[in-house]
Amino acid sequence: MQIIEIYKSLQGESSYAGMPCVFVRLAGCNLRCVWCDSEYTFTGGTRMTLDEVQQEVCRLSPDGGLVEITGGEPMLQEREVVPLMEALHAAGYTVLLETSGERPLEAVPAEVVKIVDVKCPDSGEGDTFGMENLRCLRAHDEVKFVIASRRDYLFARDFTRSHGLAAKVACVIFSPAFRKDAAGKRDASHCLVDPQDLAEWMLEDGVHARLGLQIHKFIWEPSTKGV
Ligand code: SF4
């Protein structure tokens, strides 16, 4: 499979935020979100076998723990990435898969925790989520909305309600989008939606979701890669 990088850091998002995690970042994405901070994944990378990836994960985290398969869009390499997820689970890791849900998710092993990033309108990639993937969601999965505007918030609120997401998955997360050129100060001034506004909208509407901040952007300088 085509790999951009494998590294150990803290999980920055999801209900696993703050926990040590090995990230396996695959190359290639078929979307072009306007605020994407991972454009360096669109091309290039190194060809690695399943065994080579597993050995590197094991070197970085020999005692098990969390591994996140991310990208880019990892499900573009479904034929290679599904056996990799199976192998990592069999080796004792808790495997997370970060995906936009644009590709079919039915082949994802049941034990893998899917973190599905449903694109909102102001990402420029709204309406790309494959609605048939709602049937693949399991109780341990998570659905995330990256929110850049009030319009995105209303989309996320209505999608969450109309599909009963809170009862389907472990966690629904509303996360303010970060400016892709953010640099310098590690604070909320880089968010495209003020977290205070988002919090107040969520409280006002009683949405069954959690507000998520990308904590790696507050821990490390926001333009830092590989964290
Ligand atoms: S799906 Fe992810 S990697 Fe692809 S363009 Fe959007 S944010 Fe970037």
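Summary value for the stretch 137-211: 36 percent relative contact order, contacts being C-alpha pairs under 8 angstrom separated by 6+ residues. Rg and Dmax of the stretch 54-114, based on Cα coordinates, read 11.1, 33 Å. Averaged per residue, the chain has 44 square angstrom of accessible surface, using a 1.4 angstrom probe with ligands and nucleic acids left out. The helix-only estimate of mean residue ellipticity at 222 nm for the chain, built from DSSP H runs of length n ≥ 4 each weighted as -39500 (n - 2.57), is -7000 deg cm²/dmol after division by the residue total. I'd like the distance between the alpha-carbon centres of the stretch 143-201 and the stretch 5-20, rounded to an integer number of Å. After rounding, the separation between the Cα centres reads 19 Å. Legend note: in the chain, cysteines whose Cβ sits 4.7 Å or more from every other cysteine Cβ are Cys21, Cys29, Cys58, Cys120, Cys136, Cys171, Cys191. Note on the stretch 72-200: the C-alpha convex hull projects to 8.9 nm² when averaged across all orientations.
Given +1 at the Cβ of Lys and Arg, -1 at the Cβ of Asp and Glu and no other charges, the dipole of the chain around its Cα centre is 160 debye to the nearest 20. In a Debye calculation with equal point scatterers on the alpha-carbon sites of the chain and no solvent, what is log10 I(q)/I(0) at q = 0.07 Å⁻¹? Log-scaled intensity ratios, in q order: -0.20.
The values are calculated or read from the model by the stated rules, or taken from the named source; none is laboratory data. Values in this document were obtained by computation on a predicted structure and should not be read as measured data. A quick note on method: Cβ atoms are made from the backbone with ideal geometry, for glycine too, and the neighbour counts reach across all protein chains shown. Just so you know, the surface numbers come from the protein's heavy atoms only, side chains and all, with ligands and any DNA or RNA stripped out. Shrake-Rupley method; radii C 1.70, N 1.55, O 1.52, S 1.80 Å.
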